[in-house]
Every structure is written in structure tokens, then in C-alpha cells.
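Enquirer: Got a structure here, written out as C-alpha cells. Questions coming.
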Amino acid sequence: MAANLLLTEHEPLTAPPHTQYLQSCSSPGFRDLMQAKKRIVGPLLVVSLGFFFCLTLLAGFARPLMSTKLVGALNIGFFLILLAYLVCWAAAVLYVRAANNIFDRKVNAMVGAKHARSNQS
């Protein structure tokens, strides 16, 4: 049984949703989008998780180092915690910029190609 969903105001969706999903996932544009996301998200994830993992190890096993004073009452432990907030914000900002500049362009190109194909038939 075909679903009767609307993609836009003018274009009814008549193929089963899972068929359209599989067709979309196998398209070159979708594969290119996923590769771009992996290139951006992979390093961000590795850096963020690596930083937090190292911070946890330092907090647990290097207490004398973490309690070393830097300036006034600020020690290395507190400095690294502040740095953790900056790492989170930096990763979020970099991802949003990539999403706005790279991912959205690729998605818009895929949608435009889909509409061009549907207008030809």
C-alpha cells in the first residue's frame, strides 16, 4: 500500500517510504554528504573525547600535578576544567559552521536534483 504523503505542496509521495529512503541512502549525493560529515565530526569527536579522557585520568592519577598553582588560587585542575568548557564550545561552533556552510549546501543540491528529476518525468 502506497503512502500518500506530501513532500511539498505540489508533489505527492506515492512510493512506499522505505523504498524512497533506500533510494536516497544509495544516491551519490547522500554518500558524499555522509563522507563530509565523517570528515568533520570524526576529528571533533576524537579531540573532544580524548581531552575529557585525559582530564579524567589526570584528575584521578595525577593529583599533585593538578593541584599545582598557576595564578593565585587557580590551579592546573581548575584551568583544565575551564578549558573543557572552551573545548565544548569550540566543537559546537565548528560543527555549526560546517553544517551551515558544507552540509546545508550538499542537502540543498540533493533536493534540487530530486526536484529537477521529478519535474522531468
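Enquirer: Amide H to amide H under 5 Å from N75: which residues, 5+ apart in sequence or cross-chain, H placed 1.01 Å off N in plane?
Expert: Under 5 Å from the amide H of N75: L70.
Enquirer: As a test of the formula, what do you get for the chain when each DSSP H run with n ≥ 4 contributes -39,500 (n - 2.57) and the sum is divided by the residue count, at 222 nm and rounded to the nearest 500 deg cm²/dmol?
Expert: One gets -24000 deg cm²/dmol as the mean residue ellipticity at 222 nm.
Enquirer: Now for a different question. If a helix is a whole DSSP H run, which ones in the chain reach 20 Å or further along their own axis (Cα) and hold a mean Kyte-Doolittle hydropathy of at least 1.0?
Expert: Length and hydropathy pass: 28-61, 76-98.
Enquirer: Here are some values of semi-axes √(5λ) of the Cα gyration tensor in Å: (1) 21, 18, 13; (2) 49, 14, 12; (3) 39, 17, 12. Which one was computed from this structure?
Expert: Among (1) 21, 18, 13; (2) 49, 14, 12; (3) 39, 17, 12, the one derived from this structure is (2).
Here, each number is a calculation from the coordinates, and none is a lab measurement. Small disclaimer: the values here were computed from a predicted structure and weren't measured.
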